[in-house]
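The values are calculated or read from the model by the stated rules, or taken from the named source; none is laboratory data. If you're wondering where the values come from, they're calculated on a predicted model, not measured in any experiment. Note: areas computed on protein heavy atoms with side chains; ligands, DNA, RNA excluded. Shrake-Rupley method; radii C 1.70, N 1.55, O 1.52, S 1.80 Å.
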Amino acid sequence: MPAYAIAHLQEAAPHPETAEYIERISATFEPYGGRFLVHAAQHEVKEGSWPGHVVVISFPGMDEARAWWDSPDYRRIAPLRSRHIEGDIILVPGVPDGYDPAGTAKAMREAMAAE
């Protein structure tokens, strides 16, 4: 089941360390099967507010996503970004093939009925 690293990064002034981070990041996640799905794209807010930028990196699974995040190569370059750009970053599993959200709704209804 795929997994994703999702970053919501705030606006920041350009900085040489940030440029270096962007130049080096792909090499840190490629050994774990990672690839950009969203990067350096303008997003369209439809509800609420979402200032800043969105980054999505896909991995084959949560094990690979965690291994990348904890890898010495990524940990070495992470400060190049975090010193200059604030944001929130999560690792999240995707849904399996054939996922049906009706099952989630059914479980929710059953839990409400049991209360």
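Computed values, structure above
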item: Two-decimal Rg/Rh across the stretch 61-115, once Rg and the Kirkwood Rh are taken from alpha-carbon atoms; result: 1.24
item: Global form of the stretch 1-45, assessed from the alpha-carbon gyration tensor, a/c cut-off 1.5; result: oblate
item: Highest-MSF residue in the chain out of D70, D97, D88 [GNM, Cα springs under 10 Å]; result: D97
item: Solvent-accessible area, 1.4 Å probe, carbon plus sulfur percent, for the chain; result: 55 percent
item: Overall form of the stretch 23-115 per C-alpha gyration tensor (a/c, 1.5; a/b vs b/c); result: prolate
item: Amide proton proximity set for L37, modelled H, under 5 Å, gap of 5+; result: V56, I57, S58
item: Accessible surface, the chain, averaged per residue in Å² (probe 1.4 Å); result: 68 Å²
